[in-house]
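Single-structure report; data block below.
The values are calculated or read from the model by the stated rules, or taken from the named source; none is laboratory data. Please read these numbers as outputs of a predicted model, since none were measured by experiment. Virtual Cβ from ideal backbone geometry, glycine too; neighbours counted across all protein chains shown. Accessible surface areas use protein heavy atoms only, side chains included; no ligands, DNA or RNA. Shrake-Rupley method; radii C 1.70, N 1.55, O 1.52, S 1.80 Å.
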Amino acid sequence: MKKQLFLVMFLVGLLSLPFCLTAQQAVKSKTKTDAKPVPAVLSTASEVSAVAGFAGKGEDWLIPSANLIFPDLPYAYDALEPVIDRQTVEIHYDKHHRGYFNNFKKAIAGTDLETKSVYSIFADIDKVSTAVRNNAGGFYNHVLYWSNLSPDGGGKPTGELLEVITRSFGSYETFVQKFNEAAKTRFGSGWAWLSVDPASKELFISSTANQDNPLMSTEEKQGFPLLGMDVWEHAYYLKYQNKRADYVESFWNKVNWQDVQSRYAEYFKIAARIK
Amino acid sequence: MNFEFPALPYAYDALEPHIDRMTMEIHHTKHHRAYFDKFTAAIQGTDLESKSLTDIFAEISKAPAAVRNNGGGFYNHNLFWEILSPSGGGEPIGKLAEAINAEFGSFEAFKTKFNDAAANRFGSGWAWLSVKADKSLCVCSSANQDNPLMDVHDCPGTPILGLDVWEHAYYLKYQNRRPDYIGAFWNLVNWNKVSENYEKTLK
């Protein structure tokens, strides 16, 4: 009896193997076709290579906006479980984020904003349409968000980043507490941020409404964002519903401190070109 | 203190399938409740305790953010539950229908304008049908928990119909598809109540 059961299970397993492979291949080929549409305006070789490797690092955003592409999610949809559930990541990336990217491209099409970097668009955000402001912000902010998270995230920052956090806030614990407060008290849709203050080179915490960010000329306190936490309800509602505080506190278990550190280091290399 | 947290005028699952039971329960017992609790805490011991919500909103620019956000959240949801009904839908009749036709040309044209206001409100907020001081109707939207009774609003009036477009109002069922939620909303509108609200503003 036992032997027969084993045989049946073995056969079922064998039969389902090709289906698993097909499903995996389908996912792979879908990612491939979606990934890199041909950019419209490329002027130099370095721009071409910047587009090919676009992952939303600080330097990647210096290229003309027309050349920006929608980057792949750096991990699987379920990779941030249990902190952020698969369905939330999938809809957030594939619907919300992609929607901002598409609408941003549409809003700048045929205008001179196509030749400008997002940094220079943000620096004059008070002079552009609401569609550009909302969608450029939505596109940029989410690239940062995905890159700031990792399945292997969590723990504490180290090295240079820990030093500047300690210098700016007194301790890592005080920093987290202040950041959480900013994230929990932002009323309605928005973001909480850790940014570099261009004047003092110290770090500061702020929160912004909707898809605004600290690079925008409309912000009271402007700076270069290193870490962003999305507190729109779409970022957490399927799993946490009204309990935003639980999402905010769980978020730290997936923070990719290497990414935050590399953005900090990169800021000093590109600061002069963020105009 | 003369403010009370209202019971929902129907069961949590009464608006199914357009608004699901879980959304209604969390929306009423958590979100609405929290606005009420924080509002009453924010006005406790101040002279706002003896004022009506309408009077508080008329000078909201002088009140702290906690009063504005939570007072708005309390009032807006009170109105929202009242203008929905399991037996809602259809079209308005009588004086309200006449006023809608006079202002917007037709009921369909009004709906299109309201749908646009609701779909285009970026981030959290509300879409409204309000009666202005000159008694004409107007469609507009507001951010977060603001409303047309507030002195900060660019389209002042008395709201008679409101649609919550915070993601918490629809995300469990509709996720990113806000337009589907807006479309479903019309099947629930309690036009008798909206007419009653309208006629009250004429007195």
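Grab every C-alpha pair in region B:61-104, bin the distances at 5 angstrom width from 0 up to the longest one, and report whole percents.
Pair shares across the bins are 5, 16, 14, 14, 16, 13, 12, 9, 1.
At a Cα cut-off below 19 Å, give the aspartates and glutamates reachable from B:Lys95, other chains included and same-chain residues fewer than 8 away excluded.
Hits, sequence-local ones excluded: B:Glu103, B:Glu108, B:Asp134, B:Glu196, B:Glu199.
Using R₀ = 60 Å, calculate the FRET efficiency as 1/(1 + (r/R₀)^6) where r is the Cβ-Cβ separation of B:Ala109 and A:Ser171; round to 0.05.
Working: r = 60 Å, r/R0 = 1.00.
For R0 = 60 Å, the calculated efficiency reads 0.50.
Could you list the residues of region A:165-179 with an amide nitrogen less than 20 Å from a label point located 7 Å from the Cα of B:Ala41 in the Cα-to-C-beta direction?
Counting only backbone N, you get A:177-179.
How many Cβ atoms of partner chains, on average, are near each residue of B:172-182 if near means within 10 Å of its Cβ?
2
Just to be sure I understand the curve: with the Debye formula and one point per C-alpha of the protein assembly as shown, what is log10 I(q)/I(0) at q = 0.06, 0.08, 0.10, 0.12 Å⁻¹?
-0.33, -0.57, -0.86, -1.14
How many Cβ atoms of partner chains, on average, are near each residue of A:221-229 if near means within 10 Å of its Cβ?
Numbers: counts 0, 0, 0, 0, 0, 0, 0, 0, 0.
For peptide A:221-229, the averaged partner shielding equals 0.
Obtain the nm distance between the two label points defined at A:Lys106 and B:Ala119 by a simple spin-label model: each point lies 7 Å from its Cα along the Cα-to-C-beta direction.
1.0 nm
Please give the solvent-accessible surface of A:Ser206 in Å², to the nearest 10, using a probe radius of 1.4 Å with every protein chain present.
20 Å²
Can you compute the FRET efficiency between B:Glu4 and A:Ala272 using 1/(1 + (r/R0)^6), with r the Cβ-Cβ distance and R0 = 56 Å? Round to the nearest 0.05.
E between B:Glu4 and A:Ala272, to the nearest 0.05, is 0.40.
For every helix of n ≥ 4 consecutive DSSP H residues, a contribution of -39,500 (n - 2.57) applies; sum these over the protein assembly as shown, divide by its total residues, and give [θ] at 222 nm rounded to the nearest 500 deg cm²/dmol. Please report the intermediate quantities before stating the final value.
Working: 20 runs with 225 residues, N = 478.
Using -39500 (n - 2.57) per qualifying helix, the result is -14500 deg cm²/dmol.
How much accessible area does B:Lys30 have with a 1.4 Å probe, in Å² rounded to the nearest 10?
Its heavy atoms expose roughly 100 Å² to the probe.
Exceeding 24 Å between C-alpha atoms, which entries from my cross-link table qualify? They are A:Lys116/A:Lys269; B:Lys62/B:Lys193; B:Lys132/B:Lys200; A:Lys221/B:Lys38; A:Lys57/A:Lys116; B:Lys111/B:Lys193.
B:Lys62/B:Lys193; A:Lys221/B:Lys38
List the aspartates and glutamates whose Cα sits under 13 Å from the Cα of A:Lys127, skipping any in the same chain fewer than 8 residues away.
A:Asp112
If you average over every viewing direction, what projected area does the convex hull of the Cα atoms of chain B give, in nm²? Could you put the intermediate results ahead of the total?
Working: hull surface 42.7 nm².
That works out to 10.7 nm², a quarter of the Cα hull's surface.
Solvent-accessible area of A:Lys184, probe 1.4 Å, all protein chains present, reported in Å² to the nearest ten, please.
Result for A:Lys184: roughly 90 Å² accessible.
If DNA, RNA and ligands are ignored and the probe is 1.4 Å, what is the ranking of A:Glu249, A:Glu114 by accessible area, most exposed first?
Solvent-accessible surface, decreasing: A:Glu249, A:Glu114.
Shape call for region A:123-164 from the C-alpha gyration tensor, a ≥ b ≥ c root eigenvalues: rounded (a/c under 1.5), prolate (a/b greater than b/c) or oblate?
oblate
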